[in-house]
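Data block below; observations after.
Taken together, the values in this text are just the output of simple stated rules run on the coordinates, not laboratory data. This is a predicted model, so every value here is computed, not measured. Note that we place each Cβ from the backbone using ideal geometry, even for glycine, and neighbour counts take in every protein chain shown.
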């Protein structure tokens with residue numbers, strides 16, 4: 001893991017800002033982390049993360065997307081450390097916000 005400790009490989013994250021087919025309030029998994037400059041899939045540099053969108057084919061409107069091979073049904077997106085903080089929060093942060101809102105609503109605020 002890099003110097004950035006808020007997110008780690010294997011974490012589930014919650015989208016807070018739409019990005020291509022990634023939807024707000026949807027949960028995604030970080031399936032990779034490391035030096036993005038070594039990754040031939042992106043032209044980004046620095047330490048970053050890979051997010052897997054398992055609903056890519058369906059969200060893209062591909063008819064009968066379930067018939068595609070699994071690797072064609074999904075897409076990987078690559079985010080630098082600053083980008084991942086812009087587009088995602090951790091599930092723990094999402095749950096804390098949910099509990100806070102629940103308490104505020106119970107108080108009528």
- How would you order 56-62, 35-41 from highest to lowest mean count of nearby Cβ atoms within 10 Å? 56-62, 35-41
- Query: Quick one: what do you get for segment 12-106 if you divide its Cα Rg by 2.2 N^0.38 Å?
  - Reply: 1.24
- Query: Taking only Cα atoms, what is the 0 to 90° angle, nearest 10, from helix 91-106's long axis to the longest principal axis of the chain?
  - Reply: 30
- Task: Note down the nm distance, to one decimal, between modelled labels 7 Å out along Cα→Cβ at residue 59 and at residue 101.
- Result: 1.9
- Taking Cα pairs under 8 Å and at least six residues apart, what relative contact order does segment 12-106 come out at, in percent? 29
- Item | Burial ranking of peptide ranges 21-34, 66-79, 94-107 (average Cβ count within 10 Å, highest at the top) | 21-34, 66-79, 94-107
- Between segment 29-52 and segment 77-109, how many Å separate their Cα centres? 23
- Query: Under a plain spin-label model, where a point goes 7 Å from the Cα along Cα-to-Cβ, how far apart in nm are residue 43 and residue 8?
  - Reply: 3.4
